[in-house]
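Have a look at the structure below, then the notes.
Every number in this text was worked out from the coordinates using simple rules, so none of it is lab data. What you are looking at is a predicted structure, and each value in this text was computed from that prediction instead of being measured. Note that we place each Cβ from the backbone using ideal geometry, even for glycine, and neighbour counts take in every protein chain shown.
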Amino acid sequence: MTTGARRSIGWRDRGNVALRVLAGTLGAYLVMALTAALLARTLPMSRVEAVTVATMIAYLVAPAVTIWAFLASGPWRALGGVAGVAGLLAIGAWAAGQPA
Amino acid sequence: MRGSAPAALRDGARQCMTWLHGWTGLLLGHVLFLMCLTGTLTVFKAEIGRWMRPETTAIAAPADAIVAATRWLDENTHGSAGWYLTAPDAHQNAVQATYDSDGAYVTRALDPVSGAPVARETLGGEFFYRLHFELELPYPWGRLLASLAAMMMLVALVTGIIAHKRIFKDIFTFRPAKGQRSWLDGHNALGVLALPFHIMITFTGLVTLASVNLPWGIAAGYGADVTTMYSDLAPGSVTRAATGEKAPLAPIAPMLATAQRQFGGAPIGRVYVFNPGDTGAVVVVYPSEAQSIGYMSGEVSFDGATGQMLKAWTEQRAGVRAYQTVYGLHMARFAPDVTRWLYFLGGAMLTMAIATGMVLWTVKRRERAPLSIGNHMLERLNVGVLTGVPIGAVAFLIANRLLPLDMAARAQAEVSAALWTAGAVVLAGLLLRPTIGWPLLLGLLALACACAALLGPVWTIEPGMLTINLMLLGVAGALLPVILRQARRRDRTTPVRHRAVPA
């Protein structure tokens, strides 16, 4: 049974897992970092408060992204979804600008 | 094993989460085990320090001890950039000091009355505290690896919850002596029973290392100007450069009295002296952390040369208080004795959950098919690391009693003893057959614990030392039935239980 299962793994399945791991690790960190950046610039508090609160909230985002990367219906969808969210966050953070 | 990945992805969410839980737990599992064990020991950092300095029995009020310490440092250090002092409290009697003299930084415990370093040079509980998040690696790599492991842990916890069918029932389920089933039951009970603690401690742990692992919020808000961020975070703390002109340090006692009034009567916690002996000297005083959950809840700065108060700050900004509370929840310095024991218990359960999870990985795979070469190595690495880390920790205590008092670099020799012992045990675990390795090395751990308690000495009645002795004896006692069972199992002719065999 084991050998049968082993034989059935092709490059397709390996690629599937590799892409999801990429989305779930580097992708999740990217989303987490950009969430921290966007919130640090937009939360309605003093600068240092916005930075600390933004950082704490960002940690909660990463596990959600990792799990979603493995639950998404396809590997490209996982990677695309993570990239899309990261892009939106980056645009938002860039548009908000560094607070004075 | 490798085949299970894509299959799991096809088999639905729960299997997928079980797969992810296994891998995120496995990859840095040994690092997590080390972090959890040393973190759990750090709950009793002060008591461990007390155990490791049995000759230091003097007791002084926090402010008096700081005065004594600064007097000694003033006379015995040269060209210091900073003295970082932690006052004694209800848990430990020595002043914890990190300072530089002639360019070299040292960490020493200072006698609360004489202010001089104590006779038995040791890092004490500070060793476990540092090891917990720096992993004996140079900055920032240790903290980065610890952060990565903590991130994996957070994912493993969340996926572990999703992988569960009946989370409440698992608390009450334990079916002993049934191979994989028993390991899984034990792993589940340990993981689920203290689950809120596990999630809290992992999340707050990540936050304590935020400036290393997630500096992007700071970068977005402050750019490269980190200095402004730190002064915004602690507005009562003054930083200024040394002028190069000499000036004696003004008397510390009046500054401490002023600071204590500023803290509403709370005792002194920490005192940092920057550029002592210079006209640019600054003394920053923080209140004791035993007073509230929030860490560093205010500070007062004084001009070191004139003794004049420069700035005072009591933290009331909601966002910063939230951050300090999250930080303080991890450090547990606020915790009264009962809460400390709960932290210890929670930490011990998390450590055991990681250990059982690591063992479960190979037990589960062996019941399906013969182990692959990688899993054979993992099985042996488990034996080595899961016994080597605690044996190394106990070796640190034993070295503290056996090394001569006047030895050069004594504190570092204790650390070396711990690391070399742990390394040797890991090697032994890799070389021995697991059926021999487990009972032998667990037996060594029990023996080491008993030896350390005897060297305590075992008849001590000092509360802090007695606590450590009893814990050592408790571990040794709890291990005995496990070792006996392991040894008996070795005699059995069929050590592996196969699924195919009808029950």
Using DSSP loop states and a limit of at most 15 other Cβ atoms within 10 Å to flag chymotrypsin sites (Phe, Trp or Tyr not before Pro), what is the longest stretch of chain B containing no flagged site? B:175-458
Computed label-point distance, nm, for sites B:Leu419 and B:Leu432 using a 7 Å Cα→Cβ extension: 2.5
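Where in chain B is the longest stretch that carries no trypsin sites (Lys or Arg not before Pro) classed as loop by DSSP and with at most 12 other Cβ atoms within 10 Å?
Values: sites that count: B:Lys165, B:Arg166, B:Arg492, B:Arg499.
Between exposed loop sites, the widest span is B:167-491.
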Note, the stretch B:370-379: 3J(HN,Hα) by Karplus (6.51, -1.76, 1.60, θ = phi - 60°), whole Hz, Gly/Pro = x, goes x, 5, 6, 4, x, 6, 4, 5, 4, 4
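Rounded to a whole number of µm²/s, how large is the Stokes-Einstein D of the protein assembly as shown at 20 °C and 1.002 mPa s, given Rh as the Kirkwood radius over C-alpha pairs?
Values: Rh = 26.5 Å.
It diffuses with D of about 81 µm²/s by this estimate.
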Kindly express, to the nearest 10 degrees and within the range 0 to 90, the angle between helix A:47-71's C-alpha long axis and the longest C-alpha principal axis of chain A. 20
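Taking the beta-carbon count within 10 Å as an exposure proxy, list B:Glu379, B:Glu75 from fewest neighbours to most. It would help to have the intermediate numbers written out before the result.
Working: B:Glu379 21, B:Glu75 9.
With the fewest neighbours first, B:Glu379, B:Glu75 line up as B:Glu75, B:Glu379.
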Taking each residue of A:32-39 in turn, how many C-beta atoms of other protein chains fall within 10 Å of its C-beta, and what is the average? 5
If only Cα atoms are counted, what is the Rg of chain B, and what is its Dmax, in Å? 25.1, 86
Evaluate the Kirkwood expression for the hydrodynamic radius of chain A, namely the inverse of the mean inverse distance over all pairs of different C-alpha atoms, and round to one decimal in Å. 14.9
Residues whose placed amide H lies under 5 Å from that of B:Gly269, excluding near-sequence neighbours: B:Tyr286, B:Ser288
Angle between chain B longest axis and helix B:410-431 axis [Cα atoms, degrees, rounded to 10]: 10
Within the protein assembly as shown, helix-based [θ] at 222 nm, where runs of 4 or more DSSP H residues each add -39,500 (n - 2.57), nearest 500: -21000 deg cm²/dmol
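In the stretch B:92-192, which GluC sites (Glu not before Pro) fall in coil by DSSP and have 13 or fewer other Cβ atoms within 10 Å?
Values: sites: B:Glu121, B:Glu126, B:Glu134, B:Glu136; in loops: B:Glu121, B:Glu136.
Within the stretch B:92-192, the qualifying GluC sites (Glu not before Pro) (loop, at most 13 other Cβ atoms within 10 Å) are B:Glu136.
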To the nearest 10 degrees, how steeply does helix B:337-368 sit against the main Cα axis of chain B, on a 0 to 90 scale? 30
